[in-house]
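The next block holds one structure in the form of structure tokens; read it before the comments.
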Amino acid sequence: MKKITGKNDVCRENLLSEIAIGVYRPGERLPAERELSESYQVSRSTVRAALNELEEQGVVCRRPPVGTFVSDDALKRIDRLGRQPVRLHACFALPPGQIDKPFLQRLFLALKNRLPEGVELTVCLSDSCRDTGDGEKADIVYLLGDYSNEELLAADARIPHLVLWGKTHETLNFVACDDYLGGKLMAEAALKAGHRHLALLGPRGTGPDCEFSLRAAGIADACKAAGAQLLIHRVTLEESLDLTASTFFTMENFLRADPELSMVLALSDREAITVIDCCRRRNLSVPGEISVIGYDDQCFVESVSPPLTAIRCAAEEIGARLAGFAPAVLDAEPGEPVRIREAIRPFLVERQSVRNLCDVASP
């Protein structure tokens, strides 16, 4: 609804209110301009200006020389007028293959439910960021995807306000989980439980700044600082197509290289669950002989046998931070850059897939 600032606005709002409560019904003719001016104690020119605005909004229609009538769909139009006008268009952009992930669904709902009035949010599914947000004429694009630095910089130059989520960047806006810290937390939890022979298993990722590489770096640094032995295998794209077979082969190599192996740190829940399955097939008990920690804490991992200990980064918190960017854009001057660069701290969810070797009683 427009801000009321003068007699034209007062007259228009009075007419809208009387139509809304049924004083003048859809299809009914309004009183003549002279009668309305007397009723509202304003000039006929003021009434005429108010009626012109209502006609532009589709609430009334003029039929010379008969008069001015309330439109048949006037109540629907008044309802739309009462809503906050769209002041900002935002686009939630992600690859099609990601849309069914529970983590992203929770994140999206948190973002959507926390956006201020006046911000319209659309979803864009695309494997490319070259034209993301163009069709929606987006003011803000929340972008997920493994894109090259050149692609991201080109998108940033084209989009008024670009925010990466799920990925950090040296110069661009982002909101992401601190995956390096998450990796360190995994290793520290294993070390605290007395494990000194560890293995790392997970995807290679797309570069040193992707989430899997950061997680692996955090694990490696924590193990190095503690002097613990760490075996590493990063899964290739070909191996990921048959993860069960490749994981079985990798576990054989791990155990052959280090017969004292007692802990596998998996860079995603998918790898962690596959490790548990491979251990079951080899008659290795989890966590009795091999402990496992996953990453992401997806909704089903607590129903795995045994329930999986995993790193979690709250999707709701990331969504809330992304939503908080929109008011800053609304308050900014045209062309003024708005910055957000936040790494959300993850945390460990302890369940039953880790054996505490420190609790083993001495003979």
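The values are calculated or read from the model by the stated rules, or taken from the named source; none is laboratory data. Please read these numbers as outputs of a predicted model, since none were measured by experiment. Reconstructed Cβ throughout: ideal geometry from the backbone, glycine too, with neighbour counts over all protein chains shown. Just so you know, the surface numbers come from the protein's heavy atoms only, side chains and all, with ligands and any DNA or RNA stripped out. Shrake-Rupley method; radii C 1.70, N 1.55, O 1.52, S 1.80 Å.
List of remarks:
- When residues of the stretch 94-109 are limited to those that are within 10 Å of A315 (Cα to Cα) and open to solvent by 50 Å² or more (accessible area, probe 1.4 Å), the one modelled with the highest pLDDT: L109
Every residue, every condition in (1) out of contact with any Cys (no Cβ under 8 Å at 6 or more places or on another chain); (2) assigned to a loop (DSSP other than H, G, I, E, B); (3) among the small types (G, A, S), yes or no:
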| site | (1), (2), (3) |
| --- | --- |
| C124 | no, no, no |
| C129 | yes, yes, no |
| Y147 | no, yes, no |
| L153 | yes, no, no |
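- Applying the criterion of being of a type outside the set (D, E, K, R), modelled with pLDDT of 90 or more and in a helix (DSSP H, G or I) to the residues of the stretch 110-120, the residue that is surrounded by the most Cβ atoms within 10 Å (Cβ to Cβ) is L111.
- Any pair with Cβ under 6 angstrom, 6 or more apart, that starts in the stretch 48-76 at a residue that is on the phi > 0 side of the Ramachandran plot and ends at one that is at pLDDT below 90 and in a helix (DSSP H, G or I): G58/R77
- Considering the stretch 184-288, the qualifying helices (runs of 4 or more DSSP H), each wholly inside and each with 1 or more residues that are farther than 27 Å from S305 by Cβ, run over 211-226, 237-241, 243-257.
- Among the conditions (1) touching a helix residue (DSSP H, G or I) at 6+ places or on another chain (Cβ under 6 Å); (2) closer than 28 Å to A220 by Cα, R106 misses just one, which is (2).
- When A157 is tested against (1) among the small types (G, A, S); (2) surrounded by fewer than 13 Cβ atoms within 10 Å (Cβ to Cβ); (3) in a loop (DSSP other than H, G, I, E, B), only condition (3) is not met.
- Given (1) assigned to a loop (DSSP other than H, G, I, E, B); (2) modelled with pLDDT under 85, index of the condition S39 fails: (1)
- Within the stretch 294-329, the set of residues being assigned to a loop (DSSP other than H, G, I, E, B) and not aromatic (F, W, Y) comprises D296, D297, Q298, C299, V304, S305, P306, P307, L308, C313, A314.
- Subset tally (residues that are open to solvent by less than 10 Å² (accessible area, probe 1.4 Å) and either among the polar types (S, T, N, Q) or part of a strand (DSSP E or B) (or both)) for the stretch 330-363: 2
- Those residues of the stretch 42-67 which are open to solvent by less than 20 Å² (accessible area, probe 1.4 Å) and either among the hydroxyl-bearing types (S, T, Y) or assigned to a helix (DSSP H, G or I) (or both), in sequence order: T46, V47, A50, L51, L54
- Assessment of the stretch 237-247 against the conditions (open to solvent by 20 Å² or more (accessible area, probe 1.4 Å) and in contact with a strand residue (DSSP E or B) (Cβ under 6 Å, 6 or more places away or on another chain)) yields no matching residue.
- L172 vs. criteria surrounded by 17 or more Cβ atoms within 10 Å (Cβ to Cβ) and without any contact (Cβ under 8 Å) to a residue 24 or more places away in the chain: yes
- Among (1) open to solvent by 30 Å² or more (accessible area, probe 1.4 Å); (2) modelled with pLDDT under 85; (3) more than 30 Å from C299 (Cα to Cα); (4) not small (G, A, S) - the single one I78 does not satisfy: (1)
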